[in-house]
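To start, the structure itself, in structure tokens.
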Amino acid sequence: MLALGWLGYTCLSIMILHPEPRYSYPIWLLLAMYGAAALAHPAVFVRQFRGRWLHTAAALLLVGGFLLLALTPRDYPRLIGNGVQRERHFAAGRQAYAAGDTVAAVREMQAALTVQPEFVEGRAYLALLQIEQGNLDAARALLREGDAQELDIARGMLAYAAGDAARAADLLRQAEVRRSADMQAFSMMAIDPPATSTLHLGTGLDLGYIRGFSPAEELAMVSATAGSKRVRVASCCRLRPP
């Protein structure tokens, strides 16, 4: 029952949350344990299928499907090499951006997308760079498709750059509520918002400026006095005079 519950939870996680490989690890662990037990006592394992033709056929189909997936020709060296190359360009782009070299950052992000066009995080970073440079049409082209937290933030920032603050706030607020990841951490790392002397907290438009005021965040770095609007801010923000 424990194993069945584990498998059920894993399948439900894959269907609802995100089809990432790590969610299938429990299934592979159970298969490995079952296979180890079968190989340890092969005679007992074979006797279990005697007279059970339906079970035997199902088992043979499963084994055949697994072998088909495992042995189908795939260019694994190329896939692994592309992944390494993509991550190198992505890391170089982030380092260039942190150093203030936006041109090099754009070049590296474009190189990462050339290696792997479906790289969602790279698309989001490149779109944010294009927004920062005022290339809104290029950013729109990058953000037409896809559903990921980084793309949600970039779409909100695109709406804000286009002058639609209400839509930007709505997009960013919905993204924060819908996603369980710490989007503010991504924003503080990927967005360099323009200087401002006025900031509305908790509306989504504070992304990239300050941490601790969005619904999905913990108030670890910010403390407020109950019953007042006075807030003491620690070293967690980028607010600066214009």
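The values are calculated or read from the model by the stated rules, or taken from the named source; none is laboratory data. Keep in mind that what you see is a predicted model, and the values were worked out from it rather than measured. Note: ideal-geometry Cβ built from the backbone for every residue, glycine included; neighbour counts use all protein chains shown.
Every condition in (1) surrounded by 17 or more Cβ atoms within 10 Å (Cβ to Cβ); (2) among the hydroxyl-bearing types (Ser, Thr, Tyr); (3) in contact with an Asp or Glu (Cβ under 8 Å, 6 or more places away or on another chain) holds for TYR160 except the one numbered (3). Taking the criterion of being out of contact with any helix residue (DSSP H, G or I) (no Cβ under 7 Å at 6 or more places or on another chain), under 16 Å from ASP192 (Cα atoms) and free of Cβ contacts under 8 Å to residues at least 24 places away in the same chain, the residues of the stretch 89-121 that qualify are GLN95, ALA98, ALA99, GLY100, ASP101, VAL103. Listed by first and then second residue, the pairs linking a residue in the stretch 177-201 that is within 17 Å of ALA91 (Cα to Cα) and of a type in the set (Ser, Thr, Tyr) to a residue that is in a loop (DSSP other than H, G, I, E, B) and at pLDDT 65 or above, with Cβ atoms under 6 Å apart and 6 or more places separating them unless they lie on different chains, are SER187/LEU207; SER187/GLY208.
For the stretch 94-111, filtered to residues that are closer than 23 Å to ARG144 by Cβ and out of contact with any Leu (no Cβ under 8 Å at 6 or more places or on another chain), the residue that is surrounded by the fewest Cβ atoms within 10 Å (Cβ to Cβ) is ARG107. Among the residues here, ILE131 does not qualify as loosely packed, with under 11 Cβ neighbours inside 10 Å, within 24 Å of the chain's Cα centre (by Cα) and either at pLDDT 90 or above or of a type in the set (A, V, I, L, M) (or both). The set of residues in the stretch 29-40 being surrounded by 11 or more Cβ atoms within 10 Å (Cβ to Cβ) and free of Cβ contacts under 8 Å to residues at least 12 places away in the same chain consists of LEU29, LEU31, MET33, TYR34, GLY35, ALA37, ALA38.
The residue that is modelled with the lowest pLDDT, among those in the stretch 23-35 that are closer than 20 Å to LEU60 by Cβ and either aliphatic (A, V, I, L, M) or in contact with an Asp or Glu (Cβ under 6 Å, 6 or more places away or on another chain) (or both), is ILE27. Please specify each residue of the stretch 47-104 satisfying the condition of being of a type in the set (Val, Ile, Thr) and under 30 Å from ALA37 (Cβ atoms). Hits for the stretch 47-104 are THR56, VAL63, THR72. Taking the criterion of being part of a loop (DSSP other than H, G, I, E, B), modelled with pLDDT under 80 and acidic (Asp, Glu), the only residue of the stretch 160-189 that qualifies is ASP182.
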